[in-house]
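The values are calculated or read from the model by the stated rules, or taken from the named source; none is laboratory data. As the structure is a computational prediction, the values presented were derived from the model and not from experiment. Cβ placement follows ideal geometry from the backbone for every residue including glycine, while neighbour counts extend to all protein chains displayed. Accessible surface is based on the protein model in full, side chains and every heavy atom, while ligands, DNA and RNA are left aside. Shrake-Rupley method; radii C 1.70, N 1.55, O 1.52, S 1.80 Å.
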2 protein chains.
Amino acid sequence: MSLTDLFDPDSIAVIGASKTPGKLGNDAMANAKEFDGPVYPVNPSGEGSVYGYEFVDSVATTDADLALCCVPAPATPDVIEDCGEAGVGGAVVFAGGFAESGAQGEQLQERIRETAAEYDIAILGPNTAGHIIPHRSVFSSFVPGFDEIETGDVAVVAQSGGVGVTATFQLDREGYGTAGMYGLGNRVNTDFGDVIPAVDDDPETGAMALHIEGTEEFDAAVQAIDEASTPVVALKSGNRAEEFVQSHTGAPVQSGERYEQALTDAGAVTADSLTELLDASRALATCPEASGPNVGLVTAQAGPGIMMADYLKDRNVNFPELSAETRERLDDLLLGFTYDQNPIDTGRPMPEFGEVVDAVGRDENVDIVLVYEIFEHSLGYPVEELEGLTNEVDKPVVFTVAGPSEALAEDRQRMEDSGIATFDTPERGAYAASVLAETSR
Amino acid sequence: MSLTDLFDPDSIAVIGASKTPGKLGNDAMANAKEFDGPVYPVNPSGEGSVYGYEFVDSVATTDADLALCCVPAPATPDVIEDCGEAGVGGAVVFAGGFAESGAQGEQLQERIRETAAEYDIAILGPNTAGHIIPHRSVFSSFVPGFDEIETGDVAVVAQSGGVGVTATFQLDREGYGTAGMYGLGNRVNTDFGDVIPAVDDDPETGAMALHIEGTEEFDAAVQAIDEASTPVVALKSGNRAEEFVQSHTGAPVQSGERYEQALTDAGAVTADSLTELLDASRALATCPEASGPNVGLVTAQAGPGIMMADYLKDRNVNFPELSAETRERLDDLLLGFTYDQNPIDTGRPMPEFGEVVDAVGRDENVDIVLVYEIFEHSLGYPVEELEGLTNEVDKPVVFTVAGPSEALAEDRQRMEDSGIATFDTPERGAYAASVLAETSR
C-alpha cells in the first residue's frame, strides 16, 4: 500500500460536496479548492458549481487519485467501493460512527477495511479531521480556516484530529505554519507505522510532533520512529483518563510507562503537554543538532535569567566554564560591571549585547546558546550579530523574547529565518534548550 | 512609613529628567507624562520643556510627593536628601550599583536607608524597574512602552524588575492589562511585608502574583500573605541558581522548601513557572471562589479533552458523577450519540454546545466548570448561554479556546467580561481548573 495518492495526489475528488455553508461537504470544498490541480466536487444531486468547480455525478467520471469522503458512516462502504472502481488510491474518511461507537460501527469499519484491501486504497481515518500539507497545496480537511495555514517546518501527526487541529492553530497563532498535519483517527489501514516513514521522506519536514493515544500496531510505530532520520517528539495521552479513551476514541488503553520507555529507546523526545510537544519540535526543526549538552546562557535581565538557570539545573543541564579568551572579551565588553561567568548577565539591554552573545556562542566549551532579552525599541534585537554568528558557527541558538507583541514580530521572524529558534516566555526558552541538550550527540 | 505617596501620589517629580531619547530620564518622563496630575521634570541644566512639561531646577520648588530618581547610584544619596527636605514621601530609585554590586554599593544603599528613615520616605528599589498602576495613571518606570499597558485585575509584585516587566508584557501580549506592577529590587526599606498589604487594599486588584528570590524580612512577607484577603500566587525563584542570585541580585540565598511550606501554610498558591504564576492569578482574579474541588469537564473534541483529563487526574482532581437530572438533559441534547458521563464529550462543536455546558454548570455535584472547544466560524462560541449561566450560578467557569487568533479575540473578551477565565492551550485551561480546585473552600 502506497501513501502517495493520499499525501501527494495529482487530483482530488470531494465526495458529498455541497453548496450549503456549514455542511461538511462545503467546508471540505472550501479547503480543497486551494489545491494546485484538478478538484472534482462529486454529488449526483449537485447543480452548477461550488467554489468555481463544476459538480460531477460520480467519482467514476474523474481521474482523482485522492477522495475526500464527506458522507455519513453508513454510506461510506459504498463510497469506498466506488473509489476503488474509479482507481482512487487514497481516501480520507471524516465521518465518526465507526469503531469508536460500538458494534454496528465496528462492522462498518471492517467493511471499509476489506474494500480498501481489495482495491489497495490507503484510508486516513475514519473519524478524523483529515490532513493538510500546505507546501503541496493539499488541504484535505473540513476544518474552517485551514486553507489559510502557511508552510512551516514542523509536521504534526496526531491520533486525535482535535489535537491535530488544536496544534495547527496554535502554531498559526504564534506566527508559524506547518509542514503538515496528519490526523489519524481510527487508523483503519493507515497507522503511525505507515505515516511516519512518509512524513520522514518529506524534505520540508524538519521535525515530527506525534500525538499518541494508543495503537494495536505498537511495534510498527516504534520501529518507524527508530528508523526516521527526522527528529521525533512524542506525547502519549490517555494514561489517566482510561475510561474516556476506551469509550470514545476506538484506541486501545495502553500504559504510559510502556510508551515512555519504547519512545525514548527509539530516540524520540517525550513531551508532557501540547506546548512542549510543539516547542521541542520547533527547536529541533529550526536549530542544527548540538554537539554536546553544555549551555551558555546570556541574559540582559538577572531575574528571568535566574528562572531559566533554575529550570535547566533542575533538569541537570550543565553551564560550562567559559574559556579564558571568552572571559577576556566579555570583560572588555562589560567593563567588569556585570556577571561575566556562565550564566552571563549584562544587567540590561545594551548596544554590546549582540557581541556578548557572539563571544559566548564562539566559546569552544559552549554547545548551545540560550539568550534572554526584553525588547527595547531604541536598541532592537541584535539580529545582525546573531546572523553573523549562526553563519559561522554551527550551534543551536535559542532566543527568548519578551516585550510588547508589536515590537517582537519582525525581529523574531528574521531570527527564525536565520535558524534561531525563538520562544516567548522564560520557561519555554529554557525547555527548548533542555531538549537540544537532551538530543545532542 | 506610609506607601500612599509612593503608590497613590498627587504629583510626581522626575529627577534627572532629560530631553535626550534613550536616556533613563527621558524614558521615565515618557511614562510619567501619562499621570493625571502635576508632573515636574527636575534638572538644573534642563532648558524649556520635555513632553510638554517645563523643567524645574530643584525638587524643592515643587509640591511633588513621589520622586522618580533617574540619577546614577553615587548621586542618589544627595537626591534622597533633597527629596526629604522638599517633603517628598515616596521615591523610586532605578539605578543599580548598590547592595547587589559589592562593598561600595552597600555603603551607598546604607546611606539612602538612613536618609529615608530620617525623612520618612518610602523607597522602591534601588535597582528596580519601578512600578505602574494604570488605573491611577501612575507609570513610575523607565521601561519603554509601559505607558500603553492597560488596566487589568492581576497585580504583579516582583522582586526582580526584569521579571515584573516580562510578566507585564506577557499579560499585555495576551490581551490583558494589570492592576499594578511593583518591582521591589533591593528593598532598601520597602519589602514584600510592606507592599503586599498596600496592594491588598487596592479594590482593583483581584489577585496578586508574587515573584520572590529571597528576603531577610521573611516572616513579615509570610505574615502579609497570610493576612491578605486578595488571593495570592507565588513563585520562588533562585532555588538552584544560588551563585547567580548571590552575585547579582542583593537577595539572600534561601531554600525553596522553606518558602514552599510557609507560602502554602499562609494560603498562597505556589507556581512553577511565570506562565503558571500569571494563569493561576488570572483564574483567581476572574472567577468566583469554588465551593468544592469537583470539576465538570465539557469538551467538543475528545482528544484535547483526554489530555485535560489526564492532567487533572495526575493532580488528583475529581470528576464527580452527574445527577440523574443532568444526565437526562444531556441525553436529550446529545441524542445518546456521545459520551454523556463526566468528562462530557460532544464529539464536535454543535448548536447545542452552550446548553450542554449550561446543564453541567447547573449540576449540584459540579463545583468548577472546565470547557474545551475549537472555534468554528459558523457556530461561534456559546457566549450568551455562558453569560446566562454565570449570571445565575456562582461557580468558576474556565473556557479553553483554540482556533485561529483573529476568531478568538472578540468572543474571548466577552467571556472574560462576564467572569469566565479563558486560556488558549489544553494544559493552561486544565492548570487553571486545578488551581481553582486547590483553593476551593
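What is the distance in Å between the Cα centres of region A:204-270 and region B:1-54?
Cα centres, region A:204-270 to region B:1-54: 58 Å.
Sort shortest first the distances from B:G256 to its counterpart in every other copy, using label points 7 Å along the Cα-to-beta-carbon line, and give them in nm.
Those label-point separations list as 1.9 nm.
Quick check on my link table: of B:K313/B:K395; A:K313/B:K313; B:K19/B:K236; A:K313/B:K23; A:K395/B:K313, which ones sit more than 31 Å apart, alpha carbon to alpha carbon?
As for pairs spanning more than 31 Å Cα to Cα, those are B:K19/B:K236; A:K313/B:K23; A:K395/B:K313.
Taking a point 7 Å out from Cα toward Cβ as the label site, list the nm distances between A:T151 and the same residue in every other copy, smallest first.
The answer, with the shortest distance listed first, is 4.9 nm.
State the percentage of accessible surface on chain B attributable to carbon and sulfur atoms; use a 1.4 Å probe and exclude ligands, DNA and RNA. Kindly include the intermediate steps, with their values, before the conclusion.
Details: 6640 of 15670 Å².
It is 42 percent, rounded to a whole number.
Per residue, how large is the accessible surface of chain B? Use a 1.4 angstrom probe and give square angstrom. Spell out each step's value before the answer.
Values: 15670 Å² over 441 residues.
Per residue, chain B has 36 Å² of solvent-accessible surface.
Students sometimes get this wrong: rank A:D331, B:D219, A:D367 by accessible area, probe 1.4 Å, all chains present, largest first. Intermediate values should be presented prior to the final figure.
Working: A:D331 65, B:D219 115, A:D367 20 Å².
Reading off the accessible areas and sorting them downward yields B:D219, A:D331, A:D367.
Identify which of B:A251, B:A402, B:A95 has the largest mean-square fluctuation in a Gaussian network model of chain B, with springs joining Cα atoms closer than 10 Å.
Top of the fluctuation ranking is B:A402.
Would you mind classifying region A:286-441 by shape? Square roots of the alpha carbon gyration tensor eigenvalues, ordered a ≥ b ≥ c; an a/c under 1.5 is rounded, otherwise it is prolate if a/b is larger than b/c and oblate if not. Please report the intermediate quantities before stating the final value.
On the way: a/c = 1.26, a/b = 1.07, b/c = 1.18.
Judged from the Cα gyration tensor, region A:286-441 comes out rounded (a/c under 1.5).
Is the shape of region A:311-394 rounded, prolate or oblate, going by the alpha carbon gyration tensor and its root eigenvalues a ≥ b ≥ c, with a/c under 1.5 for rounded and a/b larger than b/c for prolate?
Working: a/c = 1.30, a/b = 1.27, b/c = 1.02.
Rounded, since a/c falls under 1.5.
In whole Å, what is the distance between the alpha-carbon centres of region A:396-417 and region B:280-319?
Distance between centres, Cα-based: 32 Å.
Could you give the dipole magnitude of chain B about its Cα centre, charging the beta-carbon of Lys and Arg +1 and that of Asp and Glu -1, in debye to the nearest 20? It would help to have the intermediate numbers written out before the result.
On the way: 23 positive and 78 negative charges, 211 e Å.
Using Cβ point charges on Lys, Arg, Asp and Glu, chain B gives about 1020 debye.
Residues of region A:417-431 losing 10 Å² or more of accessible area relative to the isolated chain, 1.4 Å probe, heavy atoms only?
When all protein chains are present, A:D424, A:T425, A:P426, A:E427 each give up 10 Å² or more of accessible surface.
List the GluC sites (Glu not before Pro) within region A:1-73 that DSSP assigns to loop and that have no more than 14 neighbouring Cβ atoms inside 10 Å.
Working: sites: A:E34, A:E47, A:E54; in loops: A:E34, A:E47.
Answer in residue order: A:E47.
So the label point sits 7 Å from Cα along the Cα-to-Cβ vector; using that for A:G52, what distances do you get to the other copies, in nanometres, sorted shortest first?
Here the equivalent label points are 5.1 nm apart from this one.
Under Stokes-Einstein, with the Kirkwood radius over Cα pairs standing in for Rh, what whole-number D in µm²/s applies to region B:391-441 at 20 °C and 1.002 mPa s? Mind dumping the intermediate values first?
Numbers: Rh = 11.7 Å.
For these conditions, the coefficient is 183 µm²/s.
Ignore the peptide's own chain and count Cβ atoms of other chains within 10 Å of each Cβ in B:275-284; give me the average, rounded. Show your work: numbers first, answer last.
On the way: counts 6, 1, 0, 1, 0, 0, 0, 0, 0, 0.
Partner Cβ neighbours, averaged per residue: 1.
Taking amide H atoms as placed 1.01 Å from N in the peptide plane, list the residues 5 or more away in sequence, or in a different chain, whose amide H sits under 5 Å from that of A:S237.
Under 5 Å from the amide H of A:S237: A:I212, A:E213.
Among DSSP beta bridges whose residues both lie in the protein assembly as shown, state the antiparallel percentage, nearest 5. The partial results should precede the final answer.
Numbers: 16 of 116 bridges.
If I count the DSSP bridges inside the protein assembly as shown, around 15 percent turn out antiparallel.
How about region A:299-319: which of its residues lose at least 50 Å² of accessible area in the presence of all protein chains relative to their chain isolated, using a 1.4 Å probe?
Buried by 50 Å² or more upon assembly, which counts only protein chains, are A:I306, A:M307, A:D310, A:K313.
Per-residue ellipticity at 222 nm for chain B, helices alone: DSSP H runs ≥ 4 residues times -39500 (n - 2.57), over residue total, nearest 500 deg cm²/dmol?
Numbers: 16 runs with 172 residues, N = 441.
Taking each H run of at least 4 residues, the total per residue is -11500 deg cm²/dmol.
Check B:A402: other-chain or 5+ apart residues with amide H under 5 Å from its amide H, H built from backbone geometry?
Excluding prolines and chain starts, which carry no amide H, the hits are B:E373, B:F375.
What does the C-alpha gyration tensor say about the overall shape of chain A? Classify as rounded when a/c is under 1.5, otherwise prolate if a/b is larger than b/c, or oblate. Please list the in-between numbers first.
On the way: a/c = 2.86, a/b = 2.05, b/c = 1.40.
Note, shape of chain A comes out prolate.
Looking at chain B, what % of its DSSP beta bridges pair antiparallel, to the nearest 5? Don't skip to the end; give the middle numbers.
Details: 8 of 58 bridges.
Approximately 15 percent, going by the DSSP bridge assignments.
Do you know which residues of region A:161-175 lose at least 50 square angstrom of accessible area in the protein assembly compared with their chain on its own, with a 1.4 angstrom probe?
Buried on complex formation: A:T166, A:F169, A:R173.
Between B:A280, B:A207, B:A86, where does the largest GNM mean-square fluctuation fall for chain B, given springs only between Cα atoms within less than 10 Å?
Of the options given, B:A86 has the highest mean-square fluctuation.
Of B:R240, B:R173, B:R441, which has the most accessible area and how do the rest follow, probe 1.4 Å? Write out the running numbers ahead of the final one.
Working: B:R240 90, B:R173 55, B:R441 175 Å².
Most to least solvent-accessible, the answer reads B:R441, B:R240, B:R173.
So how exposed is A:K33, as accessible area in Å² (1.4 Å probe, rounded to 10)?
The value for A:K33 is about 60 Å².
May I ask you to evaluate 6.51 cos²θ - 1.76 cosθ + 1.60, the Karplus curve with θ = phi - 60°, for each residue of region B:147-157 and list the ³J(HN,Hα) values in order in whole Hz, giving x for glycine and proline?
5, 9, 6, 9, 7, x, 10, 9, 9, 10, 10
Using the Kirkwood formula on the Cα atoms of the protein assembly as shown, what hydrodynamic radius do you get, in angstrom to one decimal? Working shown, then result.
Numbers: mean 1/r = 0.0347 Å⁻¹.
Hydrodynamic radius (Kirkwood, Cα only) of the protein assembly as shown equals 28.8 Å.
5 Å is the cut-off here: which amide hydrogens, built 1.01 Å from N in the peptide plane, fall below it relative to B:A67, excluding neighbours closer than 5 in sequence?
B:A13, B:G90, B:A91, B:V92
How big is the antiparallel share of DSSP beta bridges in region B:64-169, given as a percent to the nearest 5? List each step's numbers first, then the result.
Details: 3 of 10 bridges.
If we restrict to bridges inside region B:64-169, about 30 percent are antiparallel.
If you put +1 on each Lys and Arg Cβ and -1 on each Asp and Glu Cβ, how big is the dipole of the protein assembly as shown around its Cα centre, in Debye rounded to 20? Could you put the intermediate results ahead of the total?
Numbers: 46 positive and 156 negative charges, 43 e Å.
It works out to roughly 200 debye.
Over the C-alpha atoms of region A:1-132, what are the Rg and the largest Cα-to-Cα span, Dmax, in Å?
In order Rg, Dmax, the Cα atoms of region A:1-132 give 13.6, 41 Å.
Between A:T390, A:A407, A:N316, whose Cα lies farthest towards the positive end of the dipole of region A:261-419 when Lys and Arg beta carbons carry +1 and Asp and Glu beta carbons carry -1, centred on the Cα centre?
Checked the options; the winner is A:N316.
Arrange the residues A:H211, A:H377 by how much accessible surface each exposes, largest first, with a 1.4 angstrom probe. Write down the numbers at each step before the final one.
Working: A:H211 0, A:H377 115 Å².
Most to least solvent-accessible, the answer reads A:H377, A:H211.
Ignoring ligands and nucleic acids, what accessible area does A:T249 show with a 1.4 Å probe (Å², nearest 10)?
10
Nearest 100 Å² is fine: how much accessible area is buried between B and A, summed over both sides, with a 1.4 Å probe?
Details: alone 18070 and 18060 Å², together 31330 Å².
The B and A chains share an interface burying roughly 4800 Å².
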